[in-house]
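Have a look at the structure below, then the notes.
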Amino acid sequence: RLQAIINMQSLETYPIDPNGIVPLRASSRDTPLTILGHETGHLFLAYASVRDPSSPWARPMLSADRFHWNFYFNSDASLVEGNRIEDRGVNVSPRFLTAAVTQGYSALDQYLMGLLPAGEVAPTFFVANPSPMTFAGIPRPGVSFDGQRRDVEIKEIVEAEGRRVPDHTLAQRRFRIAFVLVVPQGGEPPASAVSRLDTYRREFEAAFSRYAGGLAIADTSLRQ
(Lines give C-alpha, C1' and ligand atoms only; values in the text may rest on other atoms or scores of the structure.)
Protein backbone atom coordinates (compact mmCIF):
# COMPACT_ATOMS: atom_id res chain seq x y z
CA ARG A 1 0.00 0.00 0.00
CA LEU A 2 3.04 2.27 0.13
CA GLN A 3 2.86 4.50 -2.94
CA ALA A 4 6.13 6.42 -2.78
CA ILE A 5 9.13 7.40 -0.70
CA ILE A 6 10.37 10.99 -0.94
CA ASN A 7 13.99 11.67 0.00
CA MET A 8 14.17 15.32 1.08
CA GLN A 9 17.94 15.13 1.78
CA SER A 10 19.48 16.81 4.83
CA LEU A 11 17.22 18.67 7.23
CA GLU A 12 19.89 21.37 7.39
CA THR A 13 19.19 22.17 3.72
CA TYR A 14 16.03 23.95 4.84
CA PRO A 15 15.34 27.03 6.98
CA ILE A 16 13.69 26.64 10.37
CA ASP A 17 10.69 28.66 9.18
CA PRO A 18 8.50 26.36 7.02
CA ASN A 19 7.66 29.42 4.92
CA GLY A 20 11.25 30.65 4.69
CA ILE A 21 13.11 30.70 1.38
CA VAL A 22 15.34 27.68 0.71
CA PRO A 23 18.76 29.09 -0.29
CA LEU A 24 19.40 26.56 -3.07
CA ARG A 25 16.01 27.43 -4.62
CA ALA A 26 15.99 31.17 -3.96
CA SER A 27 15.30 32.13 -7.58
CA SER A 28 12.10 30.06 -7.59
CA ARG A 29 11.12 31.34 -4.12
CA ASP A 30 10.68 27.82 -2.85
CA THR A 31 10.10 27.13 0.83
CA PRO A 32 10.20 23.85 2.77
CA LEU A 33 6.44 23.58 2.25
CA THR A 34 6.47 24.27 -1.50
CA ILE A 35 9.28 21.75 -2.00
CA LEU A 36 7.26 19.17 -0.07
CA GLY A 37 4.35 20.03 -2.38
CA HIS A 38 6.61 19.74 -5.41
CA GLU A 39 7.95 16.32 -4.46
CA THR A 40 4.52 15.03 -3.42
CA GLY A 41 3.21 16.28 -6.77
CA HIS A 42 5.54 13.86 -8.54
CA LEU A 43 3.06 11.11 -7.69
CA PHE A 44 1.16 12.53 -10.68
CA LEU A 45 3.24 15.26 -12.35
CA ALA A 46 4.60 16.38 -14.68
CA TYR A 47 4.58 13.71 -17.38
CA ALA A 48 1.86 14.83 -19.84
CA SER A 49 2.33 16.88 -22.99
CA VAL A 50 0.90 17.58 -26.39
CA ARG A 51 2.97 16.32 -29.30
CA ASP A 52 5.03 18.17 -31.88
CA PRO A 53 4.01 16.97 -35.38
CA SER A 54 7.49 17.69 -36.70
CA SER A 55 9.16 15.73 -33.89
CA PRO A 56 6.94 12.93 -32.52
CA TRP A 57 9.34 12.14 -29.66
CA ALA A 58 9.35 15.72 -28.38
CA ARG A 59 7.32 16.71 -25.32
CA PRO A 60 7.25 20.52 -25.63
CA MET A 61 5.36 21.13 -22.38
CA LEU A 62 8.00 19.27 -20.37
CA SER A 63 11.56 20.07 -19.36
CA ALA A 64 14.48 18.03 -20.67
CA ASP A 65 14.14 15.51 -17.81
CA ARG A 66 10.45 14.97 -18.72
CA PHE A 67 9.15 15.15 -15.17
CA HIS A 68 8.88 18.90 -14.66
CA TRP A 69 6.98 21.52 -16.61
CA ASN A 70 9.08 23.40 -19.14
CA PHE A 71 10.32 26.85 -18.13
CA TYR A 72 8.52 28.26 -21.21
CA PHE A 73 5.20 26.56 -20.43
CA ASN A 74 2.50 28.67 -18.82
CA SER A 75 1.94 26.29 -15.92
CA ASP A 76 0.06 28.93 -13.91
CA ALA A 77 2.91 29.00 -11.35
CA SER A 78 2.71 25.25 -10.68
CA LEU A 79 4.70 23.80 -7.80
CA VAL A 80 6.14 21.36 -10.33
CA GLU A 81 7.94 24.17 -12.20
CA GLY A 82 7.10 26.10 -15.32
CA ASN A 83 5.99 29.69 -14.70
CA ARG A 84 2.91 31.85 -14.90
CA ILE A 85 3.65 33.60 -18.18
CA GLU A 86 2.12 36.90 -19.16
CA ASP A 87 1.54 37.46 -22.89
CA ARG A 88 1.97 41.19 -23.45
CA GLY A 89 0.77 41.09 -27.06
CA VAL A 90 2.10 40.51 -30.56
CA ASN A 91 3.20 44.14 -30.92
CA VAL A 92 5.34 44.09 -27.77
CA SER A 93 8.93 42.89 -27.65
CA PRO A 94 9.88 41.03 -25.61
CA ARG A 95 6.37 39.64 -25.77
CA PHE A 96 6.39 37.27 -22.79
CA LEU A 97 7.16 37.78 -19.09
CA THR A 98 7.35 35.26 -16.25
CA ALA A 99 5.02 36.85 -13.73
CA ALA A 100 4.72 34.31 -10.87
CA VAL A 101 6.23 31.01 -9.67
CA THR A 102 5.57 28.08 -7.29
CA GLN A 103 2.12 28.97 -5.98
CA GLY A 104 0.17 25.71 -6.05
CA TYR A 105 -1.23 22.97 -8.24
CA SER A 106 -2.74 24.48 -11.38
CA ALA A 107 -6.08 23.41 -12.83
CA LEU A 108 -4.20 21.17 -15.27
CA ASP A 109 -2.23 19.70 -12.36
CA GLN A 110 -5.46 19.05 -10.49
CA TYR A 111 -6.96 17.29 -13.52
CA LEU A 112 -3.88 15.06 -13.79
CA MET A 113 -4.13 14.38 -10.03
CA GLY A 114 -7.73 13.24 -10.52
CA LEU A 115 -9.21 16.19 -8.65
CA LEU A 116 -10.89 18.17 -11.45
CA PRO A 117 -12.94 17.23 -14.52
CA ALA A 118 -11.36 18.05 -17.86
CA GLY A 119 -14.08 20.59 -18.56
CA GLU A 120 -12.78 22.84 -15.76
CA VAL A 121 -9.27 23.15 -17.21
CA ALA A 122 -8.88 26.40 -19.12
CA PRO A 123 -6.71 26.62 -22.26
CA THR A 124 -3.07 27.51 -21.71
CA PHE A 125 0.05 27.86 -23.89
CA PHE A 126 3.78 27.36 -24.21
CA VAL A 127 6.33 29.43 -26.08
CA ALA A 128 8.19 27.69 -28.89
CA ASN A 129 11.64 28.82 -30.05
CA PRO A 130 12.11 31.26 -27.16
CA SER A 131 14.67 34.03 -27.62
CA PRO A 132 16.83 34.55 -25.72
CA MET A 133 16.82 30.99 -24.38
CA THR A 134 18.76 31.88 -21.27
CA PHE A 135 16.62 30.69 -18.37
CA ALA A 136 15.78 27.08 -19.16
CA GLY A 137 16.21 25.92 -15.56
CA ILE A 138 14.11 26.31 -12.44
CA PRO A 139 11.29 28.88 -12.31
CA ARG A 140 12.25 32.52 -12.03
CA PRO A 141 9.98 35.59 -12.03
CA GLY A 142 10.73 38.68 -14.08
CA VAL A 143 12.25 36.98 -17.15
CA SER A 144 11.30 38.45 -20.56
CA PHE A 145 11.61 36.71 -23.92
CA ASP A 146 10.13 36.44 -27.39
CA GLY A 147 8.95 33.36 -29.27
CA GLN A 148 5.97 31.71 -30.95
CA ARG A 149 2.91 31.18 -28.79
CA ARG A 150 1.41 27.70 -29.07
CA ASP A 151 -2.04 27.41 -27.49
CA VAL A 152 -2.92 24.16 -25.69
CA GLU A 153 -6.38 22.82 -24.82
CA ILE A 154 -7.08 19.96 -22.44
CA LYS A 155 -8.64 17.90 -25.25
CA GLU A 156 -5.25 17.84 -27.01
CA ILE A 157 -3.58 16.47 -23.88
CA VAL A 158 -6.29 13.83 -23.52
CA GLU A 159 -5.83 12.88 -27.17
CA ALA A 160 -2.08 12.55 -26.67
CA GLU A 161 -2.05 10.78 -23.29
CA GLY A 162 -5.50 9.24 -22.90
CA ARG A 163 -8.03 10.32 -20.31
CA ARG A 164 -7.22 10.44 -16.60
CA VAL A 165 -8.11 7.11 -14.94
CA PRO A 166 -9.56 7.04 -12.34
CA ASP A 167 -11.20 10.39 -13.00
CA HIS A 168 -12.29 13.04 -10.51
CA THR A 169 -15.35 11.05 -9.46
CA LEU A 170 -13.29 8.10 -8.17
CA ALA A 171 -9.69 9.21 -7.67
CA GLN A 172 -8.02 9.21 -4.26
CA ARG A 173 -8.29 12.54 -2.43
CA ARG A 174 -6.88 11.68 1.00
CA PHE A 175 -3.22 10.82 1.30
CA ARG A 176 -1.54 9.62 4.48
CA ILE A 177 2.02 10.91 4.70
CA ALA A 178 4.58 9.92 7.33
CA PHE A 179 7.56 12.15 8.13
CA VAL A 180 10.68 10.19 9.11
CA LEU A 181 13.95 11.64 10.39
CA VAL A 182 16.86 9.33 9.53
CA VAL A 183 19.90 9.44 11.82
CA PRO A 184 23.09 7.35 12.05
CA GLN A 185 22.60 3.97 13.69
CA GLY A 186 22.75 4.34 17.44
CA GLY A 187 22.51 8.12 17.21
CA GLU A 188 19.94 10.40 18.81
CA PRO A 189 18.64 13.42 16.91
CA PRO A 190 18.69 16.74 18.74
CA ALA A 191 15.34 17.87 20.08
CA SER A 192 15.56 20.97 17.86
CA ALA A 193 15.66 18.79 14.72
CA VAL A 194 12.65 16.75 15.82
CA SER A 195 10.77 19.96 16.62
CA ARG A 196 11.61 21.45 13.22
CA LEU A 197 10.44 18.36 11.36
CA ASP A 198 7.26 18.24 13.39
CA THR A 199 6.53 21.85 12.47
CA TYR A 200 6.93 21.02 8.79
CA ARG A 201 4.63 18.03 9.26
CA ARG A 202 1.86 20.01 10.91
CA GLU A 203 2.10 22.98 8.53
CA PHE A 204 2.09 20.79 5.44
CA GLU A 205 -1.46 19.55 6.02
CA ALA A 206 -2.96 23.01 5.54
CA ALA A 207 -0.50 23.91 2.79
CA PHE A 208 -1.28 20.81 0.72
CA SER A 209 -5.02 21.44 0.92
CA ARG A 210 -4.43 25.05 -0.15
CA TYR A 211 -2.18 24.02 -3.05
CA ALA A 212 -4.86 21.55 -4.23
CA GLY A 213 -7.64 24.14 -4.12
CA GLY A 214 -9.29 22.40 -1.18
CA LEU A 215 -9.89 19.28 -3.26
CA ALA A 216 -7.45 16.93 -1.50
CA ILE A 217 -6.16 16.20 2.00
CA ALA A 218 -2.72 15.29 3.34
CA ASP A 219 -3.14 13.43 6.64
CA THR A 220 0.16 13.59 8.52
CA SER A 221 -1.22 12.78 11.96
CA LEU A 222 0.79 10.41 14.12
CA ARG A 223 -0.92 7.17 15.16
CA GLN A 224 0.26 5.37 18.28
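The values are calculated or read from the model by the stated rules, or taken from the named source; none is laboratory data. Keep in mind it's a predicted model, so treat the numbers as computed, not measured. For neighbour counting, all protein chains shown are included, and Cβ atoms are generated from backbone atoms with ideal geometry for every residue, glycine included. Quick note on the areas: whole protein, heavy atoms, side chains included, nothing else; ligands and nucleic acids left out. Shrake-Rupley method; radii C 1.70, N 1.55, O 1.52, S 1.80 Å.
Structure notes:
- Meets criteria (more than 23 Å from Pro130 (Cα to Cα) and assigned to a loop (DSSP other than H, G, I, E, B)) for Leu36: no
- Qualifying positions in region 40-57 - in a loop (DSSP other than H, G, I, E, B) and open to solvent by 30 Å² or more (accessible area, probe 1.4 Å): His42, Leu43, Phe44, Tyr47, Arg51, Pro53, Ser54, Pro56, Trp57
- Residue match in region 161-183 (condition: touching a helix residue (DSSP H, G or I) at 6+ places or on another chain (Cβ under 7 Å), over 28 Å from Arg51 (Cα atoms), of a type in the set (Phe, Trp, Tyr) and open to solvent by less than 40 Å² (accessible area, probe 1.4 Å)): no
- Some residue of region 140-150 being in contact (Cβ under 8 Å) with a residue 40 or more places away in the chain, touching a Phe, Trp or Tyr at 6+ places or on another chain (Cβ under 6 Å) and either open to solvent by less than 60 Å² (accessible area, probe 1.4 Å) or assigned to a loop (DSSP other than H, G, I, E, B) (or both): yes
- Restricting attention to region 199-215, the residues that are crowded, with 18+ Cβ neighbours inside 10 Å and among the small types (Gly, Ala, Ser) total 2.
- The set of residues from region 151-188 being farther than 17 Å from Glu120 by Cβ, in a loop (DSSP other than H, G, I, E, B), touching a residue at least 40 places away in the same chain (Cβ under 8 Å) and not aliphatic (A, V, I, L, M) comprises Gln172, Phe179.
- Which listed residue is in contact with a Gly (Cβ under 9 Å, 6 or more places away or on another chain), over 24 Å from Ala122 (Cβ atoms) and either open to solvent by 60 Å² or more (accessible area, probe 1.4 Å) or without any contact (Cβ under 8 Å) to a residue 40 or more places away in the chain (or both), from Thr31, Thr13: Thr31
- Criterion: without any contact (Cβ under 8 Å) to a residue 24 or more places away in the chain, out of contact with any Gly (no Cβ under 6 Å at 6 or more places or on another chain) and assigned to a helix (DSSP H, G or I) - qualifying residue of Ser195, Ser221: Ser195
- Residue count for region 52-72 under the criterion of being over 16 Å from Asp151 (Cα atoms) and of a type in the set (A, V, I, L, M, F, W, C): the result is 4.
- Inter-residue pairs, beta-carbon under 7 Å, first assigned to a loop (DSSP other than H, G, I, E, B) and open to solvent by 60 Å² or more (accessible area, probe 1.4 Å) and in region 82-108, second among the aliphatic types (A, V, I, L, M) and modelled with pLDDT of 95 or more, 6+ apart: Arg88/Leu97; Gln103/Ala77
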